[in-house]
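Since the structure comes first, as structure tokens, the remarks are kept for the end.
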Amino acid sequence: MKNSEFFSPAGFDTLKNLHNSYDYSIDAVIIGSDGKNVSIYPQSYNYLIGENISNRSYVVKGFTEKKPVMSDVFLTFEGFPAIDQNYPDFSLNNLFQGMISLLIGQTEMFRYAIYQADPERKFEIFIIETDGDIVYDVNTTQIGHNLFTDPMFIDHPSIVELVRIISNSTNGTGSYEYYNSSGVLIQKDAVWGTVSQYEKEWRIVVAENR
């Protein structure tokens, strides 16, 4: 985007087109070089214009390295957890003038991808960040919990140990004990791999009752 367009109606159209390109987009934002929201689409979020987000770790990283950045899941000003993907913007003179942000509803994004891979839901599939946070689970009640610290998991050491291995390994296999859909404690086998975007990694774990 040209410098003259960054804060113009053309810039707003860029946000609109970006947002409308993804079913899981929550909003698209222009972040000025001072770290404040300058423009936003949809306009129902206009109350966020002027908010200073320069202290958020992914914004700091994007402004420092001036390259695309993907955030962890975080609680947004909009009031719900999401992932932010930021793209640096430069003028024709190659001057850094801010970032373009796409706020993503990760539950919808991952739900669609997993449905394509397992439409009959034969497996238990969940996606975690390397700190143990569950960013997606076919059992949606577990989204947002942490496998290392949440009370529903810490009494099951085999889960904690396996997740520790998963966090430090991009792929592998293992097993753990947890409840099935009937509330019975059983053994489960798991295999996992990794997907990444702009240096951000997620572990995709596929589990099956033994």
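Quick look at the values:
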item	result
All helices (runs of 4 or more DSSP H) inside region 82-169 with 2 or more residues being farther than 20 Å from Y24 by Cβ and assigned by TED's automatic domain parsing to the domain that holds W192	151-154, 157-168
Pairs, first on the phi < 0 side of the Ramachandran plot in region 88-116, second surrounded by 21 or more Cβ atoms within 10 Å (Cβ to Cβ) and in a helix (DSSP H, G or I), C-beta under 6 Å, six or more apart	Q97/F6; M99/G62
Residue list for region 168-206, restricted to those being under 17 Å from F123 (Cβ atoms), of a type in the set (F, W, Y) and modelled with pLDDT under 95	Y178, Y179
Matching residues in region 99-132 - criterion: being touching a Leu at 6+ places or on another chain (Cβ under 8 Å) and more than 16 Å from Y22 (Cα to Cα)	I128, G132
Extreme residue, nearest to D133 (Cα to Cα), among residues of region 57-82 that are without any contact (Cβ under 8 Å) to a residue 60 or more places away in the chain and crowded, with 16+ Cβ neighbours inside 10 Å	A82
Residues located in region 163-192, provided they are more than 22 Å from D150 (Cβ to Cβ) and either free of Cβ contacts under 8 Å to residues at least 12 places away in the same chain or surrounded by 14 or more Cβ atoms within 10 Å (Cβ to Cβ) (or both)	G172, V191
Count of residues meeting criterion [in contact with a helix residue (DSSP H, G or I) (Cβ under 7 Å, 6 or more places away or on another chain) and farther than 21 Å from Q197 by Cα] in region 17-41	5
In region 170-201, residue nearest to D72 (Cα to Cα) [restricted to those that are in a strand (DSSP E or B) and of a type in the set (A, V, I, L, M, F, W, C)]	V195
Selection within region 1-53 - modelled with pLDDT under 90 and of a type in the set (D, E)	E5, D13
Options F90, F126; residue that is among the aromatic types (F, W, Y) and surrounded by fewer than 18 Cβ atoms within 10 Å (Cβ to Cβ)	F90
Residue list for region 34-81, restricted to those being hydrophobic (A, V, I, L, M, F, W, C), assigned to a helix (DSSP H, G or I) and under 15 Å from the mean Cα position of the chain (by Cα)	V59
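The values are calculated or read from the model by the stated rules, or taken from the named source; none is laboratory data. In this text, all values refer to a predicted model and were calculated from it rather than measured experimentally. A quick note on method: Cβ atoms are made from the backbone with ideal geometry, for glycine too, and the neighbour counts reach across all protein chains shown.
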